[in-house]
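Step one of this worksheet: look at the structure below.
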Amino acid sequence: MSQKTLPSITIIEFLSAEEIILSPKKFLSPGSTTSAIGNFTKFNMVDAASCITTQERTSHGLVYTTKVGGVIYEDENMDNKQQNILSEKFHCYRLTDVYKNKYLVGIDKKPFPEISFTPSIESAPSGLRAINFEITWVSTLPPLELVIL
């Protein structure tokens, strides 16, 4: 099993999988690039997030497991209602690393990434609450490098 870590993730954005437009629309394979078009919503992250992808050879071919983890502030943009929407509907996630490279976790087809939330800080002195999140994507694709049109 091999492992690849992306540089620190400074921005994470999400979009419903049914709304994303991939261009050019072609067969995607590990190492291919694409463009993701849509109205993404940004997470209000506390600090940089991590992204680790492992690959494992199975009887059906290579399977990649991508895990993105970080902490976000709970605010009007990320309240319980928004967390439930993210957990119950299928979304794609656009990651931007410290070098401004962009990656896509999840595409407009199954299997979709899953996200989970865990409260971490009940209340900071500022009154803000922080929430740990983890995005997990098990697929025949690793994070796809995005080309900006």
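The values are calculated or read from the model by the stated rules, or taken from the named source; none is laboratory data. Keep in mind that what you see is a predicted model, and the values were worked out from it rather than measured. FYI the Cβ positions are ideal-geometry reconstructions off the backbone, even for glycines, and counts take in every protein chain you see. These area figures cover heavy atoms from the full protein model, side chains too; ligands, DNA and RNA do not enter into them. Shrake-Rupley method; radii C 1.70, N 1.55, O 1.52, S 1.80 Å.
Some points to look at:
- The residues of region 7-20 that are open to solvent by 20 Å² or more (accessible area, probe 1.4 Å) and either in contact (Cβ under 8 Å) with a residue 60 or more places away in the chain or of a type in the set (Gly, Ala, Ser) (or both), listed by number, are Pro7, Ser8, Thr10, Ile11, Glu13, Glu18.
- With respect to the conditions (1) at pLDDT 95 or above; (2) part of a loop (DSSP other than H, G, I, E, B); (3) closer than 20 Å to Ser16 by Cβ; (4) of a type outside the set (Asp, Glu), Lys109 lacks only one, and its number is (1).
- Of the residues screened, Met78 is one that is in contact with a helix residue (DSSP H, G or I) (Cβ under 9 Å, 6 or more places away or on another chain) and either at pLDDT 95 or above or not charged (D, E, K, R) (or both).
- Looking only at residues in region 76-113 that are under 23 Å from Leu146 (Cβ atoms) and charged (D, E, K, R), the one that is surrounded by the most Cβ atoms within 10 Å (Cβ to Cβ) is Arg94.
- Residue check for Lys4: of a type in the set (Lys, Arg) and in contact with a Pro (Cβ under 8 Å, 6 or more places away or on another chain): yes
- Restricting region 123-137 to residues that are open to solvent by less than 50 Å² (accessible area, probe 1.4 Å) and part of a strand (DSSP E or B), the residue that is modelled with the lowest pLDDT: Ala130
- Residue list for region 57-75, restricted to those being assigned to a strand (DSSP E or B) and either open to solvent by 70 Å² or more (accessible area, probe 1.4 Å) or of a type in the set (Ser, Thr, Tyr) (or both): Arg57, Thr58, Tyr64, Thr65, Thr66, Lys67, Tyr73
- Strands (runs of 3 or more DSSP E) within region 1-56 that include 3 or more residues within 17 Å of Leu146 (Cβ to Cβ): 9-16, 21-23, 33-37
- Some residue of region 25-47 being touching a residue at least 24 places away in the same chain (Cβ under 8 Å), open to solvent by 20 Å² or more (accessible area, probe 1.4 Å) and under 12 Å from Ile135 (Cβ atoms): no
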